[in-house]
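> Quick one: this structure, given as C-alpha cells, is what I'll be asking you about.
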Amino acid sequence: MTPGGGSGPMKDCEYSQISTHSSLSPMESPHKKKKAAPKRKWEVFPGRNKFFCNGRIMMARQTGVFYLTLVLILVTSGLFFAFDCPYLSEKITPAIPAVGGILFFFVMGTLLRTSFSDPGVLPRATPDEAADLERQIGNTEDIANGSSSGGYRPPPRTKEVIINGQTVKLKYCFTCKIFRPPRASHCSLCDNCVERFDHHCPWVGNCVGKRNYRFFYMFILSLSFLTVFIFAFVITHVILRSQQAGFLNALKDSPASVLEAVVCFFSVWSIVGLSGFHTYLISSNQTTNEDIKGSWSNKRGKENYNPYSYGNIFTNCCAALCGPISPSLIDRRGFIQPDTPQPAVPSNGITMYGATQSQSNMCDQDQCIQSTKFVLQAAATPLLQSEPSITSEELPLPGKTTIGAPCATLTLGQPTPPSSMPNLTSETGLTDMIPLKEEHEGHQFLTPEEAPSPPGMLPAGSPITHSHTMHVLSLASQDSLHEDSVRGLVKLSSV
C-alpha cells in the first residue's frame, strides 16, 4: 500500500511483543551465587572474649597480664635449667632437674587449661525467652516514672529458692536477660554470666568459674611448689660455689642465679598466700565472690550458714577437685541454624537479636510489583494487535492530528497520557485509586470489533471519531496510574 502524495513506500510498523514473564527482581542475580559457609556460634558470640583455633580456645580480651605470667615462668625456669641444674645434678643428684621438669610441665599444663577453657559461661536468653520474662516481671522503668496505673506493682526482678533450708535469691541479669542460677554472677570484664563465679583473674587471662576452678587451684598450688623448689636450689647452688671460690666469685660464675633468686623471693609470698586462701575456700565450699561479700558463715548453727557445704572438709575438697566436669553450655563450635536468631553484641546498652526482616520485606514488595505488572500487561495485550494501516485517501478529521509519518515502536509497559490528563503525584489517596482500578477491570475483555487500533493502524473505511482516540488514551493512562498506585501502596505498607 502506498500513501497518497508520498514519494516512497511507507515502512511497515513493527510492534515488539510484550513479555508476560516478570523480570528479575533487584534481590535476584542472573548467576547463581555460591552458598556462604555456615558460621559457628563463636563468630557471633555476644560476650567480650577472644577465640582461637576455630573456637577451641576461649580467653578474655585483656590478655596482657597473661603473657607476663608466661614470660616470668618461662624465663625463670629456663635460667634455672640452663645455669643451676648442670652443677646441682653433678654435685648433688640428677633427680633435681627431673623433679623440676615435672613441676614445670604441670604448671604450664594447668595454666593453659585454665586460660583456654570455658569457665562456665551461661548462654543468653533468646528473643522469645527474653520477651516472656519481660512480660512476667513487668516494666519497672514505667513504674519508676509514674506512668503506670495506680495500685499495680510489677513483680520484683528477683526470685527466691530454698537450698538445704536456706533462702537464696536469684537476681535478674539485664544484659543476658536471664535469672542467674545460684552462685552465678556477671563478669563486667568478659560481659558474661558465669556459673559458680569465683573471680576474674588477669594473671590467667580468663574468668575462674565452675568448669576451670580445679585447674586454677592446681596451677597456683603447683606454681607455689615450683617457686619454692627453684628458690631453694638456687640458694643451694650459690652456697656450694661460695664455699669453693668465695661469695663474690660465686655470683660472677653464675649471674643468672641472682636474677632467679630475686624473682622467686618477691613472688613466693603472694603465690603461697593465694594457694592457702583457696585451700581454705575449697575446704569450706565457698567462692571468692561469696567470701568477699560475706554471704555465708562457716558455723552451721547461725542463720546465714553455708547451704553448699557438706559439713566435712574432705567431702568439700573431693566435690571441688574430683567431681565430674560439666559440659559447656554455649556450644561455641556449633553451627548457627539459619532459622534460629542469635543474640548479637549489645549496642548502646540495647541487645539486638539476629538479623532484621528488611530483606524479606523487600522480596515481598518486588514480587507484588512484578505480579501487578503481569496483570496490567496481560490486560493491555488485546489493544496492541496488528491491524491494517490507514490509507492516505482518508481525510483528517477535525480535532484530530493527521497521522502522516510512519508510526514509532511503542515503549513496553509505559503508555504516555495526553497533555489534558492531570499530573499523577504520590499524594493520590486510596479512595481515588479504587474506582480507577474497578474502571480498568471493566475494559479487560474487548471484542475484536470494539478493540481500537494503535495510532496509524486504523483500517480503511472504518469511522474514525474523537471518542475512539480518547478511549485508547484513557485506558493507557489508567494502566500507568494503577501500576504507580500499587507501588505507592507497597512502599507505604513497608514503612
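The values are calculated or read from the model by the stated rules, or taken from the named source; none is laboratory data. Worth saying up front: this structure is predicted, and the values here are computed from it rather than measured. Neighbour counts are summed over all protein chains in view; Cβ atoms, including those assigned to glycine, are modelled from backbone coordinates with ideal geometry. Quick note on the areas: whole protein, heavy atoms, side chains included, nothing else; ligands and nucleic acids left out. Shrake-Rupley method; radii C 1.70, N 1.55, O 1.52, S 1.80 Å.
> Could you name every one of the helices (runs of 4 or more DSSP H) located completely within the stretch 223-315 that has at least 2 residues being open to solvent by 30 Å² or more (accessible area, probe 1.4 Å) and under 24 Å from PHE197 (Cβ atoms)? Even if it seems obvious, please write down each step before you answer.
Working: elements: 247-253, 255-284, 288-293.
Once the helices (runs of 4 or more DSSP H) in the stretch 223-315 are filtered for at least 2 residues that are open to solvent by 30 Å² or more (accessible area, probe 1.4 Å) and under 24 Å from PHE197 (Cβ atoms), what remains is 255-284, 288-293.
> Hey, another quick one. Name the residue that is surrounded by the most Cβ atoms within 10 Å (Cβ to Cβ), counting only residues in the stretch 84-111 that are among the aromatic types (Phe, Trp, Tyr) and under 22 Å from TYR213 (Cα atoms). Full working, then the answer.
So in the stretch 84-111, the residues among the aromatic types (Phe, Trp, Tyr) come out as 87, 104-106.
From what's left, under 22 Å from TYR213 (Cα atoms): 104-106.
Working: PHE104: 23, PHE105: 12, PHE106: 17.
Taking the candidates together, the pick is PHE104.
> Further question on the same structure: I need the full set of residues from the stretch 86-125 which are assigned to a loop (DSSP other than H, G, I, E, B) and either free of Cβ contacts under 8 Å to residues at least 40 places away in the same chain or under 21 Å from PHE219 (Cα atoms) (or both), in order please.
Quick first cut of the stretch 86-125, residues assigned to a loop (DSSP other than H, G, I, E, B) only: 92-94, 116-120, 122-125.
Matches in the stretch 86-125: THR93, PRO94, PHE116, SER117, ASP118, PRO119, GLY120.
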